[in-house]
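Shown next, in structure tokens, is the structure this report addresses.
The values are calculated or read from the model by the stated rules, or taken from the named source; none is laboratory data. This is a predicted model, so every value here is computed, not measured. Don't worry about glycine lacking a Cβ; one is built from the backbone with ideal geometry, like all the others, and counts go over all protein chains shown. Heads up: the accessible areas ignore ligands, DNA and RNA and are worked out on the full protein's heavy atoms, side chains in. Shrake-Rupley method; radii C 1.70, N 1.55, O 1.52, S 1.80 Å.
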Amino acid sequence: MLDITKMLHQIIDLELKIDDEKELMIGPETRKQTIFVDLDISLSNMAEAAGWYKVVNPREADKEDLLKSYVQSVALLLLYSAKMQWTHLVVLDDQAWQRITNAKSSTKLADLNKSYLAIKHFLSDAYFNHQQESFRHAWHLLLKMGISDWQLTPDQISSAYQAMINQY
């Protein structure tokens, strides 16, 4: 199981460190926007690395880039939860974790497309309409996509996450 609480604290601490070092002076709303834009780009990078949607010019998934962009997306989603004071939505009990890890893997193009588009839809609803449940759905779908669909293990995710944190 992922230590979501530890990951959450690490990304919050990293953001504070970077803000201090770069003396960033942007307000809280602009900060939320910036995180959200960065999250959107990370999700796109994740899809690009996975490559499932490339019907015209298909290629194998780039597992290294996929893992890297996946953990960036996870980190940004966690950071956004902190900015919105929604951290209670990212904590998983054993039952929720089991639902995510035991979910049937999506392999069909249509199912993978729907999952990705649903994440984007739920995040937009969370951002523009401040819908906490939409945020929770996006979070669970992102975890399911990484763990079930792409078979990323909690150890792989944790290690890559730690490497990302340590590079700053």
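Taking the convex hull of the Cα atoms, report for segment 1-81 its projected area averaged over all directions, in nm².
Value for segment 1-81: 6.7 nm².
Across the chain, how many lysine pairs, 8 or more positions apart or on different chains, have C-alpha atoms separated by under 20 Å? Please give the number.
26
For the chain, modelled as a Gaussian network with Cα springs under 10 Å, which listed residue fluctuates most, THR153, THR30, THR101?
In the Gaussian network model the winner is THR30.
If DNA, RNA and ligands are ignored and the probe is 1.4 Å, what is the ranking of ASP13, ASP65, ASP155, ASP125 by accessible area, most exposed first?
Final ranking, largest accessible area leading: ASP155, ASP13, ASP65, ASP125.
Pop out the carbon and sulfur fraction of the accessible area of segment 37-150 as a percent, whole number, probe 1.4 Å.
Of the solvent-accessible surface of segment 37-150, carbon and sulfur hold 52 percent.
At 1.4 Å probe size, what's the solvent-accessible area of ARG136? Round to the nearest 10 Å².
Here the accessible area works out near 70 Å².
Using Cα atoms only, what is the angle between the long axis of helix 4-22 and the major principal axis of the chain, expressed in degrees (0 to 90) to the nearest 10?
Approximately 50 degrees, to the nearest 10.
Compute the helix-to-body angle for 132-144: its Cα long axis versus the longest principal axis of the chain, expressed 0 to 90° and rounded to tens.
Once rounded, the angle reads 50 degrees.
Need one number: nm distance between label points at ALA163 and HIS121, each 7 Å from Cα along Cα→Cβ, rounded to one decimal.
Distance between the two pseudo-spin positions: 3.4 nm.
Report the full-extension gain for the segment LYS54 to ASN129: residue separation times 0.36 nm, less the Cα-Cα distance, to one decimal in nm.
Additional length available on full extension: 23.8 nm.
Using a simple spin-label model with points 7 Å from Cα along the Cα→Cβ vector, what separation in nm is obtained for ASP65 and ASP155?
Each label point lies 7 Å from its Cα, and together they span 2.7 nm.
With only alpha-carbon atoms counted, please give the Rg and Dmax of the chain, in Å.
Here Rg and the maximum Cα pair distance are 15.6, 46 Å.
Using only Cα atoms, find the angle between the long axis of helix 63-83 and the longest principal axis of the chain, and express it within 0 to 90 degrees, rounded to the nearest 10.
The answer is roughly 40 degrees.
Can you tell me, using C-alpha contacts under 8 Å and at least 6 residues apart, the relative contact order of the chain as a whole percent?
28
Between LYS22, LYS32, LYS83, find the one with the highest GNM mean-square fluctuation for the chain; connect C-alpha pairs within less than 10 Å.
Highest fluctuation of the listed residues: LYS22.
Which value, in Å², gives the accessible area per residue of the chain when a 1.4 Å probe is used on the protein heavy atoms?
Heavy-atom SASA per residue in the chain reads 55 Å².
Would you rank MET25, MET164, MET46 by solvent-accessible area, highest first, keeping every protein chain in place and using a 1.4 Å probe?
Highest to lowest solvent-accessible surface, that is MET25, MET164, MET46.
What residue among ASN129, ASN45, ASN57 has the largest mean-square fluctuation in a Gaussian network model of the chain, using Cα springs under 10 Å?
Its mean-square fluctuation being the largest, the pick is ASN57.
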